[in-house]
1. Determine, yes or no, whether A:GLU189 is more than 21 Å from A:PRO262 (Cα to Cα), facing chain B (nearest Cβ under 9 Å) and crowded, with 24+ Cβ neighbours inside 10 Å.
2. Given the criteria closer than 26 Å to B:PHE293 by Cβ and either in a helix (DSSP H, G or I) or facing chain A (nearest Cβ under 9 Å) (or both), does B:VAL360 qualify?
3. Does B:VAL303 count as touching a His at 6+ places or on another chain (Cβ under 7 Å) and within 22 Å of B:ARG179 (Cβ to Cβ)?
4. Taking A:ALA172 and the conditions (1) under 20 Å from A:ASN309 (Cα atoms); (2) among the hydrophobic types (A, V, I, L, M, F, W, C); (3) assigned to a strand (DSSP E or B); (4) in contact with a Ser or Thr (Cβ under 7 Å, 6 or more places away or on another chain), which numbered condition does it fall short on, given that it satisfies the others?
5. Identify the single condition in (1) open to solvent by less than 10 Å² (accessible area, probe 1.4 Å); (2) free of Cβ contacts under 8 Å to residues at least 40 places away in the same chain; (3) more than 8 Å from chain A (Cβ to nearest Cβ) that B:ASP402 does not satisfy, given that it satisfies every other one.
6. Return yes or no: is A:VAL48 in contact with a strand residue (DSSP E or B) (Cβ under 6 Å, 6 or more places away or on another chain), among the β-branched types (Val, Ile, Thr) and either more than 8 Å from every other protein chain (Cβ to nearest Cβ) or closer than 27 Å to A:PRO310 by Cα (or both)?
7. Checking B:SER347 against (1) closer than 18 Å to B:GLY146 by Cβ; (2) polar (S, T, N, Q); (3) assigned by TED's automatic domain parsing to the domain that holds B:HIS200, which test does it fail?
8. Working only within the range A:445-462, note down all residues that are within 11 Å of chain B (Cβ to nearest Cβ) and under 18 Å from the mean Cα position of the chain (by Cα).
2 protein chains.
Amino acid sequence: MARSDPGDASDSPGGEPAALDLEAFRRHGHALVDWIADYLAGLDDRPVREPVEPGDIRARLPAAPPERPEPFDELLADLDRVVVPGLSHWQHPGWYAYFPAMSSPPAVLGELAAAGLGVQGMLWSTSPAVTEIEAHVLDWLVDACGLPEHWKTTGPGGGVIQMSASDSTHTALVVARERTRRLTGAPAESQVVYASAESHSSVTKGARVAGFGEVRPVAVDATFALDPDALAAAVESDRRAGLVPSVVCSTIGTTGTTAVDPVAAVAEIARTHDMWHHVDAAYAGSAMICPEFRHHLAGVEAVDSYTFNPHKWLATNFDCSVFWVADRRPLIETLSIVPPYLRDAASASGRVIDYRDWHVPLGRRFRALKLWWVLRSFGLEGLRSLLRRHVGWARDLAGRIDGHPHLETIAPTPFALVSFRHLAGDAATRALVERINASGRAYLTGSEIDGRAYVRVSIGSTWTTARHVDELWELIDTTALSLATPTADGDDHA
Amino acid sequence: MARSDPGDASDSPGGEPAALDLEAFRRHGHALVDWIADYLAGLDDRPVREPVEPGDIRARLPAAPPERPEPFDELLADLDRVVVPGLSHWQHPGWYAYFPAMSSPPAVLGELAAAGLGVQGMLWSTSPAVTEIEAHVLDWLVDACGLPEHWKTTGPGGGVIQMSASDSTHTALVVARERTRRLTGAPAESQVVYASAESHSSVTKGARVAGFGEVRPVAVDATFALDPDALAAAVESDRRAGLVPSVVCSTIGTTGTTAVDPVAAVAEIARTHDMWHHVDAAYAGSAMICPEFRHHLAGVEAVDSYTFNPHKWLATNFDCSVFWVADRRPLIETLSIVPPYLRDAASASGRVIDYRDWHVPLGRRFRALKLWWVLRSFGLEGLRSLLRRHVGWARDLAGRIDGHPHLETIAPTPFALVSFRHLAGDAATRALVERINASGRAYLTGSEIDGRAYVRVSIGSTWTTARHVDELWELIDTTALSLATPTADGDDHA
């Protein structure tokens, strides 16, 4: 390869662009790796969210794209000058907002390796290792998480990596829609999707994108888990109204409070009414590497599809959502289209997986590499230990909250999310979030449930330690005390 | 940050996992960067596709996931032992198959930087720099490619990065479906999508996923471009049959032969019948950075949406598909769902973009970073120079083919794809592909059009030089001569 050979003038009359110089790539790559290590090591000294107003970042960029090359040093300098001052630092040890976007050094390196290889896995034949490692690692995860054996690619089912749980759920909904259409002749507009009122917005969005007529929010019980009697009643009511129940989504670990729907009871209703049953375990699915959480999976052996996001809580950077189907045939039948330029002897043999038929996109990068590297670098023991620390800290925090005179948890802590509120009311609860977030030392999410404000503390950053959780508790404790009477809060927060 | 401080035993009773040691990350990162440089520099000495049979790669992997951590050296060694022997090397200088998956050192480093930062751009507020740099760089591309000014985020339209053109086209189809439903009340099942018979399979797949009743393949002319008279006739025939024409997709640079549909004429028909008009320029869109290709855009100022893939031919590794809408309102109205945990003051102000409302997934990584780095590292001049070399070599190759006694091109070469066949017939054409691919020195795609076999040579690897194209021509020339009579080919290829 002559890319860094300036003597090969025949095909580079203007000289080879510096951007293609592989010796420079080594230098720049080493410098960037060091920059990332410094960034991660220095996060604790930065605010969790940088203060920034709309337009601040764009104002630092030139109006027109560059005509001439810029040296790599300027790109690197702009990470500090333009990018970092405009970030909310999801990898910060004080990040407790949303759900975690847990990453780790082996995952970052796996992403780099995949980018360096630059191969495509749309067909088995377009790079067999991409497909075979993905299938194998997802079969590993079936064992690692105690999932049903028949979901493996070596059985009737199979797993595939998608970009996000939204994509996985949307895919399940499309397959279910076509299945119901085949079985009943009902158009999408007459088909109904069921999910608890606490299910993720991706169910509603996926159903809207897939063109379903209705998404029926099902009532929840006192723990915010789906009420199966309410589900059965809704299905029967819709049937009487001439609608066609098509698919039900259960959630293991809702976004609001990590509630766990009764999967077995839902599965029974799905079976009775011949509905597709999809399980969204986007966040909590990672916990299933620890046997003590697997009672939450009860009933999952009867479901049709299941998704969770290693990019949330299994130390694997976004994007890496895993999606299994119990039977891969309806998935492939729904999504397979083979134009002449994609016909292939290996595909025709039926001996290989062509993952382009398992999701909407055709092209796909080698995302299994980082998941493979995470599993091997930590070992399952190491990952269990990381997650158990998070859960332990969360339950300890929940205990401190319930022992506080002005705070109460509003839901159990089955995983590593603590949901609580200030006893002085919504204004104090909202003020608590605002003051702690303004400190720069921690970042929480304020939300609402049953029409009342509450606080979500999601523990799951790779770099969070016991010291950080102690510091968070001090912030919560002192802020809650200062907001102990409704009048201390002020009407501006009401 | 105390991750590499073994003295902080309080939160790591079993010792900190080696996978979290940032000093080790530096060493491993440097080693991996060097490994990638060596891989790319050594590609020319490897076969373009490694010989591999189904199951070969999985057979090299342990049956069970590891319980204990493995050292990084073993991961790196397995790149050579397990991964590389199972790849088709898309970055090989002899890669002429499909369309290119063009990458470059700055793009690989941009991907690494994004992975290292590990931030999420679903809302502006979840990391403002992610959104503002994406919006700004896509506005830059509007200027760089001579696209309509009103597509910019500073105007009524806007651009967003999606994973693939399949996702972009699917998104356009969903927005169009809902628009038609609002305008006419017609359910998806009554709506029709039009695209030429040479349009990409992603149109048919996207329409099936979105639940459209019909995809009407429109006849093409002698250059394989959509025939607007045939389109008008099909639309009118469907109207008479009680169907509802909803959306038409034009292609600039078809996958078969890089044919260019008459966008202006299609736009006029779309306007007359009030259809959404989407343009798929997945491959050829990158060429628009060179003014001499922009005549192919004639009429694009009247279309509703447009996509192209910098991950195909703009030196930016997968995934990076850009998607513009002329008016962002129907897009956002169709896809916006705001649960309480995503409510946000900046979003409510209307002063910011929340890109989660621009596509199916919610989570999104910082893909704009690599595109920004590619534009800056090459400069537009450098990128134009790269693409013009590819086009020049392709046209030169097309000329040699048409001067050959046993070969003929079957379509023009407006970009860098050469489509040709052997004059001795389909068997000889197929044998030509098989023999050249078996050489390991070049990899082409065999396909079919109008029921006849032909060969696609797509020039666009970052590392291809004039020497490689000369070598390819020698292979084509000598193989074609050896197949000059039908009997030389043998019936087994018929």
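1. Numbers: more than 21 Å from A:PRO262 (Cα to Cα): yes; facing chain B (nearest Cβ under 9 Å): yes; crowded, with 24+ Cβ neighbours inside 10 Å: no.
Judged against the criteria, A:GLU189 is not a match.
2. No: the conditions fail for B:VAL360.
3. Numbers: touching a His at 6+ places or on another chain (Cβ under 7 Å): yes; within 22 Å of B:ARG179 (Cβ to Cβ): yes.
Spelling it out, B:VAL303 is indeed touching a His at 6+ places or on another chain (Cβ under 7 Å) and within 22 Å of B:ARG179 (Cβ to Cβ).
4. Every condition holds for A:ALA172 apart from (3).
5. For B:ASP402, the exception is condition (1).
6. Yes: the conditions hold for A:VAL48.
7. Among (1) closer than 18 Å to B:GLY146 by Cβ; (2) polar (S, T, N, Q); (3) assigned by TED's automatic domain parsing to the domain that holds B:HIS200, the lone unmet condition for B:SER347 is (1).
8. The answer is A:THR445, A:ARG456, A:SER458, A:SER461, A:THR462.
The values are calculated or read from the model by the stated rules, or taken from the named source; none is laboratory data. On a predicted model such as this, the values are computed, not experimentally measured, just so you know. Note that each Cβ is placed from the backbone with ideal geometry, even for glycine, and that neighbours are counted across all protein chains shown. Ligands, DNA and RNA are excluded from the accessible area calculation, which covers all protein heavy atoms including side chains. Shrake-Rupley method; radii C 1.70, N 1.55, O 1.52, S 1.80 Å.
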